[in-house]
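The values are calculated or read from the model by the stated rules, or taken from the named source; none is laboratory data. These numbers were taken from a predicted model, which means no experiment stands behind them. Counting neighbours? That spans all protein chains shown, and the Cβs are built from the backbone with ideal geometry, glycine included. Keep in mind that these areas ignore ligands, DNA and RNA; they rest on the heavy atoms of the full protein, side chains included. Shrake-Rupley method; radii C 1.70, N 1.55, O 1.52, S 1.80 Å.
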Amino acid sequence: MTTSPRSSMETHPDIVDMRRRHEMAERATTTPKAQAVETLAFLTGLYLAASPWIAGFNDLSTLAVNNLIVGIAYALLLSGGFGRAYERTHSMAWAACALGIWTMVAPWAVAGDVSTTRSGVNNIIVGAIALLLGLAASALAGRGTRRGEEPSASASTSYGTGRS
């Protein structure tokens, strides 16, 4: 009867890789800069959602509904609640950039005559802030791999005997 040496689960390549990705995501979201970006993004999303009533263009119903939906989506997207895995954090930051761009063009893209000076200026300023915060979040999320972090050596080795 031949016995093969058994490795513990801690050295399994999948476990090691998951641990490494979790540590990258944790580093990307726990720095003071990342927390500041998340907080500002959350506040930007809340303002965008409430901006039709704050800036006084709530009578433009299509743009008001658009800003409400996009603002809530933006606040939830970058507030950190959904992006704890590194790949999701990075991807969601780029989605937030797209929402920022959409916010800037929405007064002229939604149906109906909704392009007033107030709505246009409001959406351009808030959209630019949202875009910049999305770019900052993307840069912070991508910082972990630029520091020369490679998967650990045990992740590329074989697990047990006869497996690769």
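Some points to look at:
- Options Arg20, Arg27; residue that is modelled with pLDDT under 75, more than 30 Å from Asn122 (Cα to Cα), in a helix (DSSP H, G or I) and open to solvent by 40 Å² or more (accessible area, probe 1.4 Å): Arg27
- You will find that of Val37, Val105, the residue that is closer than 18 Å to Leu140 by Cα and at pLDDT 85 or above is Val37 and no other.
- Count of the stretch 54-87 residues which are at pLDDT below 85, assigned to a helix (DSSP H, G or I), surrounded by 14 or more Cβ atoms within 10 Å (Cβ to Cβ) and not aromatic (Phe, Trp, Tyr): 1
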